[in-house]
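Here's the structure we're looking at; comments come further down.
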C-alpha cells in the first residue's frame, strides 16, 4: 500500500478548498435548488474544477450526472456538456434542467390546461389516498395527461418543476406530510399518517407549480443556457460503457463513483418515476468487496481514458465509506486502481481536499477528496 500512497504523495500539487454548507452561495444558481436531494458536487468546488481544468468551448462530461446540476454550471461557464445516468427518470430531469423554460412560458402553458376537467375517481385507489387529496390527485392527473408524451421544452420543464414539489413535508408540496427526498412506501406512509393523525389535505396544483417555477428561476436563466451553440446532451448509459460519447471528444470528465457505505447518488423516488411515466429501475447490487469496487472503478477510468482527449483531465471525487462494518479509504482504492492503468493512460496531477468551513454543522472536517488526472 505504501507504493499506492506514493502515487498521490508525488502529485504536482496538494491543495485544500473550504466549503460551507450554510453559505447561500454554496447552493449555486437557483436552478440547482429545484429538487430535494443532496448533490455530491459542492457548486463552488465544481465551478473551480470546471474553470481550472477546462477551457471555454471545451466539453465537460459528467459520468454520474444524477439530475443534471453539474450541467448548469458547465454551460454557465461556456462549456459544452454531456451528462450520463443509468436511471431513466434522472435522464429526463437532467435534460429539462439544462433546457429551462422561463416563468412566462410556464404560466402561459398552464393557462391552456384544464386542471378541473372531470377525472374518473375510480382510479383514486390505494395507495393514492395515502399521499394525495382526491381533488389534488385529479388536478395532477389532468396535468400529467396534458404533458404525457410531449417533447416540448416547456412541457419537459414543467414536468421537472412538478417533480420538485411532488412530495415533501411543507404546504408547498402536493402530498401530505412525507419525505421530500425519496417517496415512502405505502406501508411507511400509512404508519406516518397514523402517527400524525392526519390525512392529505387539498393542495391546488397550478399556484404551487408557478411558485416553484418562480423559485427555481429567481436568478434568471444564465445566458449561456439560451445559447444553442453550446451543445448539451444527457444520455442513458452506464459509466463504464458510454457508447454515445465519441472517442477523444471530452476535455474534462467528472467521476463521482458510487461508494458502498457512502452517501447515495441522486434521488430514487417511485412517485417521481410514476409522475414521469417511467419505471423505477431495480435496486442496483452494490460491490460486496473492495476488489469488486476496484474492478468497477477500473472499468470507469478506462472508459474515461477512451473519451477524454490527450492532455485532457479527469477529476475523481471520493469520500469516506464502509463495506459492511469495515471503514474504507476510497482514495487509497482509487490510487490502487491508478497504479495498474496509470502508466498507459493517466498521470496524477494532484489532489484537492474539500474541508467543511467552521460552523458548517457537518460534525466532520474533511468532506471529500478530488484526484486530478491528466490524460497521457
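The values are calculated or read from the model by the stated rules, or taken from the named source; none is laboratory data. This structure is a prediction, so every number in the text was calculated from the model and none was measured. Here the Cβ positions follow ideal geometry from the backbone for every residue, glycine too, while neighbour counts run over all protein chains shown.
The table that follows gives values for the structure above.
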item	result
Identity of the residue in the range 111-146, in a helix (DSSP H, G or I) and at pLDDT below 95, that ends up surrounded by the most Cβ atoms within 10 Å (Cβ to Cβ)	121
Selection count, the range 201-236, where residues are surrounded by 15 or more Cβ atoms within 10 Å (Cβ to Cβ) and either under 30 Å from residue 176 (Cβ atoms) or over 22 Å from the mean Cα position of the chain (by Cα) (or both)	11
Any hit, the range 126-136, residues being closer than 30 Å to residue 31 by Cβ and in contact with a strand residue (DSSP E or B) (Cβ under 8 Å, 6 or more places away or on another chain)	no
Residue match in the range 59-82 (condition: without any contact (Cβ under 8 Å) to a residue 60 or more places away in the chain and either assigned to a loop (DSSP other than H, G, I, E, B) or under 25 Å from residue 172 (Cα atoms) (or both))	yes
Residue under evaluation residue 291, criteria (1) touching a helix residue (DSSP H, G or I) at 6+ places or on another chain (Cβ under 6 Å); (2) within 21 Å of residue 241 (Cα to Cα), criterion not met	(1)
Any hit, the range 279-286, residues being loosely packed, with under 14 Cβ neighbours inside 10 Å, without any contact (Cβ under 8 Å) to a residue 60 or more places away in the chain and not assigned by TED's automatic domain parsing to the domain that holds residue 78	no
Residues of the range 39-58 that turn out to be assigned to a loop (DSSP other than H, G, I, E, B), in contact (Cβ under 8 Å) with a residue 60 or more places away in the chain and out of contact with any helix residue (DSSP H, G or I) (no Cβ under 7 Å at 6 or more places or on another chain), as a count	4
Candidates 184, 166 - the one that is touching a residue at least 12 places away in the same chain (Cβ under 8 Å) and crowded, with 16+ Cβ neighbours inside 10 Å	166
In the range 88-110, residue modelled with the lowest pLDDT [restricted to those that are farther than 24 Å from residue 142 by Cβ and out of contact with any strand residue (DSSP E or B) (no Cβ under 8 Å at 6 or more places or on another chain)]	90
Selected residue (criterion: nearest to residue 349 (Cα to Cα)) from residues of the range 1-37 that are at pLDDT below 60 and not in a helix (DSSP H, G or I)	11
So residue 64, is it buried (at least 18 other Cβ atoms within 10 Å of the Cβ), at pLDDT below 95 and touching a strand residue (DSSP E or B) at 6+ places or on another chain (Cβ under 8 Å)	yes
Positions within the range 315-348 being within 25 Å of the chain's Cα centre (by Cα), part of a helix (DSSP H, G or I) and crowded, with 23+ Cβ neighbours inside 10 Å, in sequence order	330, 334
Spans of helices (runs of 4 or more DSSP H) in the range 217-314 with at least 1 residues more than 22 Å from residue 74 (Cα to Cα)	270-275, 290-307
Criterion violated by residue 239 - all others in (1) over 17 Å from the mean Cα position of the chain (by Cα); (2) surrounded by 20 or more Cβ atoms within 10 Å (Cβ to Cβ) satisfied	(1)
